[in-house]
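These notes concern the structure reproduced below.
No lab work stands behind these numbers, since they all come straight from the coordinates. Nothing here was measured: the structure is a model prediction, and the numbers come from that model. When we count neighbours, we look across all protein chains shown, and the Cβ atoms used for this are built from the backbone with ideal geometry, even at glycine.
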Amino acid sequence: MPKYRSIFLSDIHLGTRSCQAERLVDFLRHHDSDYLYLIGDIVDFWAMSRAIYWSPAQNTVIQKILKRARHGAQVVFVPGNHDEALREYVGVAFGDITIAHDPTHVTADGKRYWLVHGDEFDQVTRYHKWVTIAGDRGYAWLVRLNEMLSWCRRHIGAAGHWSLSQYVRSRLKSAIKYIHEFEGAVARHAAALGVDGVICGHIHAAAHKPLNGIQYLNCGDWVDSCTAVLEATDGRLELVTWDVDLAAPDELEPMSLGIGVADPRRR
């Protein structure tokens with residue numbers, strides 16, 4: 001298993017049918033690190049207030065994260081808007097996992113990265129929550145439809161992962177404008193803080209690019225894109241996509257709700 005200094009994940013949305021937990025389990029099996037940062041919307045309390053979906057694979061994700069913390073990895077949870085209830089516990093450690101508010105991570109080469117989920121830079125989320133909830137349900141519908149399309153693609157021999165929601169977003173000028181405005185606002189604030197870069201989530205749009213004089217990285221999500229940011233042992237940051245077939249059910253750890261290097265799969 002390749003050893004990295006840090007792994008950054010966001011927008012896993014545990015507790016929903018759209019969570020790609022099997023792929024995340026496989027990713028964690030193939031990537032170890034000294035630091036693991038969970039940058040918001042890890043558990044989707046919004047969706048769970050309507051209906052709870054909790055699969056064995058989602059339980060395995062929790063168990064693997066807890067196991068890493070117990071074995072000495074520094075695990076830091078930065079709550080997002082979907083798990084904002086945990087913001088009341090900033091500074092508290094649960095099962096060796098520390099809840100933090102917008103911490104700064106220093107890479108192996110001495111660069112400082114501000115870590116933030118990013119919902120406070122989303123004007124719709126801040127001032128029109130009902131629109132956000134409606135959009136969240138529409139996005140979930142697109143993801144479910146994409147699951148059916150992916151099944152059809154596999155059965156006709158089509159290669160690689162294709163995202164319906166990303167295709168729709170790429171064709172909508174309003175969505176493109178929304179992403180650009182969010183990225184710009186986050187990057188400007190990071191520049192004002194005097195850091196070298198920012199690592200965020202929230203908008204489900206993975207990115208790694210220079211912006212406003214800093215390095216802007218968005219972890220993407222584990223609902224659709226299955227992306228993460230990795231820090232190598234020399235401090236170099238990389239955005240990766242984990243595009244794999246789903247793990248077989250018997251490879252997953254048994255369900256229990258108690259708390260108790262190139263790879264061909266990347267693209």
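Key figures
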| quantity | calculated |
| --- | --- |
| For CYS219, CYS226, CYS19, order by how many other beta-carbon atoms lie within 10 Å, fewest first | CYS226, CYS19, CYS219 |
| Cα gyration tensor shape of the range 78-126, rounded if a/c is under 1.5, else prolate or oblate by comparing a/b with b/c | oblate |
| ARG70-ARG50 pseudo-label distance in nm [points 7 Å out on the Cα-to-Cβ vector] | 3.5 nm |
| Distance histogram for the range 5-74 (every C-alpha pair counted, 5 angstrom bins, percent rounded to whole numbers) | 4, 17, 27, 26, 16, 7, 3, 0 |
| Fully extended contour minus Cα-Cα distance, from VAL90 to ASP243, at 0.36 nm per residue | 51.7 nm |
| Neighbour net charge for ASP196 - beta-carbon separation under 9 angstrom, K R +1, D E -1 | +2 |
